[in-house]
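Novice: Okay, here's the structure, questions in a sec.
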Amino acid sequence: MTRNMMAATAALALLASGQAAAFQTPADTTSAAKPAKDGTTAEERSNTARLNAEQASRARADNTTYAQEVSAAQQQVAHDQTVFTEETAVYEAEKARVAAMSAEERMKWEADAAACKAGDTTRCAAPTKPPR
């Protein structure tokens, strides 16, 4: 039994030493492979810097695109507002023209009706045919 315990202990010691050796770095590595205080290697830091630069570049491009889209939207709103203002002015002018014409026709009709009642038959309306 003691012999079995010693064999098991030796086997565990060999396994543990093998796993510990797998985690150790070779003694002849360059300073580029040495981890910094934060545990990263120079290669990892370089890759992180490259990825950060790529992301920053994409973000700048996205910001530029967004600014262009905002500018285009503002220009469209300004254009739409100008068109609306012009169309409203045309509508209001036409409405005023029709109102003036209608007022003129009404004043003429009222004058004709008053003259007809005063006896001027030339200004009376022609008789209408009765409906059938």
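Please treat every number below as a calculation from the coordinates, not as lab data. No experiment lies behind these values; they were computed from the predicted model shown. Here the Cβ is made from the backbone with ideal geometry for all residues, glycine too, and neighbour counts use every protein chain on show.
Novice: Can you list residue pairs whose Cβ atoms sit under 9 Å apart, with the first residue in segment 120-132 being part of a helix (DSSP H, G or I) and the second being not small (Gly, Ala, Ser)? Count only pairs 6 or more apart in sequence or on different chains.
Specialist: Thr122/Cys116; Arg123/Asp112; Arg123/Cys116
Novice: Return the only residue of Thr64, Thr82, Thr40, Thr88 being hydroxyl-bearing (Ser, Thr, Tyr), in a loop (DSSP other than H, G, I, E, B) and under 41 Å from the mean Cα position of the chain (by Cα).
Specialist: Within the list Thr64, Thr82, Thr40, Thr88, the selection yields Thr40.
For every residue, the table says whether it meets (1) surrounded by fewer than 10 Cβ atoms within 10 Å (Cβ to Cβ); (2) of a type in the set (A, V, I, L, M).
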position	(1), (2)
Tyr66	no, no
Glu69	no, no
Glu92	no, no
Lys95	no, no
Ala100	no, yes
Ala126	yes, yes
